[in-house]
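Q: This structure is in C-alpha cells; I'll ask about it shortly.
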Amino acid sequence: MWEIGLLVLVPVLAYLFGTITERNHYRSLAHRERHLVRLPICDDPHSLTTLYPPPSSRLVMGSVVVTLDLFKRVVASLANRLLGRVESYEALLDRARREALLRMKSEALRLDAALVCNVRLETAHVFQGWRGAPSAVEVLAYGTALIPAERTRTAPAASGPVLAPPRRPLARPTSRPALNP
Amino acid sequence: MLITNLENVPGQRIMKSLGMVRGQALQDSHWMTRLLSGLHRVLGGELAHYSALLRRSREKALAHMEVEARAMGANAVLNVRFSALAVVGGRARLSVLGTAVVLE
C-alpha cells in the first residue's frame with residue numbers, strides 16, 4: 001500500500017515544489033530586471049563599439065543550469081508526442097535565458113560597464129532524460145562589456161579570465177566608420 | 001591579454017593574424033554533489049552545482065586558450081566562441097575557440 005502512496009506522493013510533491021520554485025524565480029527575475037535595466041545590452045558587434053570605443057573591454061558571461069520538476073518533465077515528454085507545443089519547456093527556457101542575461105549584466109555592472117555589446121546566447125541540453133526529452137538546460141549569455149575611461153580607475157581588479165587595457169587608448173580610428181561621428 | 005568576442009578592437013589595428021586557438025576543459029564533479037543534484041532534479045529549479053561546474057570549466061578553457069595564444073606570441077584573442085558542451089555522467093567537457101592576433 002505504501003508503495004502506491006509513494007508513487008502518488010512523489011509526483012505531487014515534485015509538482016508543488018516545482019511550481020513554487022518557478023513562481024519565485026519569475027518574481028525574482030522581474031525584480032532584478034527592474035534594477036538592471038539601466039545597463040543597456042546589444043547584439044551588434046560593430047556599430048556601437050566604434051561609437052563608444054573602449055579603453056578597456058572585457059568578456060563577461062553568465063550561465064545557469066535549470067531543470068523542470070519530475071512531474072512536469074514526464075507530462076512534457078508525453079505532450080511532446082501528442083501536441084506540438086510544450087509550454088513547460090517554453091517557460092523553462094525563458095527562465096534560463098533571463099537568468100543568464102541577468103548574471104551577465106550583474107557581472108558587467110560590477111566592472112562599471114556602460115554597455116555590453118555583441119551579446120550571444122547559447123543553449124545546451126545538459127541531461128538527456130527519458131525518451132530523449134531534455135531534462136535540464138544550460139543557457140550561457142556572453143558579451144563584451146565596454147568600460148568608459150573615467151570609470152576604469154575605480155573598477156575592481158581583474159577577477160575573471162581576462163584583460164589589460166590597451167596600451168594606447170583611442171589611438172587611431174578604425175577602418176569601420178562610426179554610425180554617428 | 002585582451003580576450004573579446006568582438007571581431008575587431010575599435011581604435012586598434014590588427015597587425016598579424018596567427019590563426020585559431022582553442023581551449024578545452026574537462027571537469028569532474030564529486031559523486032556526492034551528483035547524488036544531491038539528482039535528488040534536486042525531482043523538485044526542479046536551478047542546479048547550482050552544475051552551474052558552478054560549468055562556470056569553472058569555462059574559466060579553465062579560457063585560461064588554456066590564453067596560454068596557447070601567448071605561446072604563439074599573440075597579445076589578443078578576438079571573436080571568442082564557446083562551443084561543444086557535453087555533460088556525461090557528471091563530467092563536463094567544453095571548448096572555447098578564438099582567433100589569436102597581434103594588435104599594434
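Q: Can we say residue B:13 is in contact (Cβ under 8 Å) with a residue 24 or more places away in the chain and not small (Gly, Ala, Ser)?
A: Against the criterion (in contact (Cβ under 8 Å) with a residue 24 or more places away in the chain and not small (Gly, Ala, Ser)), residue B:13 qualifies.
Q: Which condition breaks for residue B:42 when tested against (1) modelled with pLDDT of 85 or more; (2) within 8 Å of chain A (Cβ to nearest Cβ)?
A: (1)
Q: Filter segment B:16-35 down to the residues that are within 30 Å of residue B:87 (Cβ to Cβ) and touching a residue at least 60 places away in the same chain (Cβ under 8 Å) and list them by number.
A: B:19, B:20, B:21, B:22, B:23, B:24, B:25, B:26, B:27, B:28, B:29
Q: Quick check on this structure: which one of B:21, B:77, B:87 is under 20 Å from residue A:103 (Cβ atoms) and assigned to a strand (DSSP E or B)?
A: B:87
Q: Could you tell me whether segment A:3-14 includes any residue that is at the interface with another protein chain (Cβ under 10 Å from one of its Cβ atoms), touching an Asp or Glu at 6+ places or on another chain (Cβ under 6 Å) and modelled with pLDDT of 85 or more?
A: Yes, segment A:3-14 contains a residue that is at the interface with another protein chain (Cβ under 10 Å from one of its Cβ atoms), touching an Asp or Glu at 6+ places or on another chain (Cβ under 6 Å) and modelled with pLDDT of 85 or more.
Q: Touching a Pro at 6+ places or on another chain (Cβ under 8 Å), more than 10 Å from chain B (Cβ to nearest Cβ) and modelled with pLDDT under 90, is that true of residue A:83?
A: No.
Q: Let me ask something else. Condition test on residue B:13, is it in contact with a Lys or Arg (Cβ under 9 Å, 6 or more places away or on another chain), farther than 18 Å from residue A:122 by Cβ and surrounded by fewer than 16 Cβ atoms within 10 Å (Cβ to Cβ)?
A: yes
Q: Now, a different point. Identify all residues within segment A:57-80 that are within 19 Å of residue A:21 (Cβ to Cβ) and not β-branched (Val, Ile, Thr); write none if there are none.
A: A:63, A:68, A:69, A:70, A:71, A:72, A:73, A:76
Here is a yes/no grid of residues against (1) surrounded by fewer than 19 Cβ atoms within 10 Å (Cβ to Cβ); (2) within 18 Å of residue A:61 (Cα to Cα); (3) modelled with pLDDT of 85 or more:
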| position | (1), (2), (3) |
| --- | --- |
| B:50 | no, yes, yes |
| B:61 | no, yes, yes |
| B:79 | yes, yes, yes |
| B:92 | no, yes, no |
| B:99 | no, no, yes |
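Every residue, every condition in (1) touching an Asp or Glu at 6+ places or on another chain (Cβ under 9 Å); (2) within 13 Å of another protein chain (Cβ to nearest Cβ), yes or no:
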site	(1), (2)
A:66	yes, yes
A:73	no, yes
A:87	no, no
A:97	no, no
A:103	no, yes
A:109	no, no
A:114	no, no
A:118	yes, yes
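Q: I've got another one for you. Exactly one of (1) in contact with a strand residue (DSSP E or B) (Cβ under 6 Å, 6 or more places away or on another chain); (2) without any contact (Cβ under 8 Å) to a residue 24 or more places away in the chain is unmet by residue B:42. Its number?
A: Only one criterion in (1) in contact with a strand residue (DSSP E or B) (Cβ under 6 Å, 6 or more places away or on another chain); (2) without any contact (Cβ under 8 Å) to a residue 24 or more places away in the chain is unmet by residue B:42, namely (1).
Q: Checking the condition away from every other protein chain (no Cβ under 12 Å) and either under 29 Å from residue A:91 (Cβ atoms) or not polar (S, T, N, Q) (or both), which residue from B:72, B:65 passes?
A: B:72
Q: Which of the numbered conditions does residue B:12 fail, given that it passes all the others? Conditions: (1) modelled with pLDDT of 90 or more; (2) in a loop (DSSP other than H, G, I, E, B).
A: (1)
The values are calculated or read from the model by the stated rules, or taken from the named source; none is laboratory data. In this text, all values refer to a predicted model and were calculated from it rather than measured experimentally. FYI the Cβ positions are ideal-geometry reconstructions off the backbone, even for glycines, and counts take in every protein chain you see.
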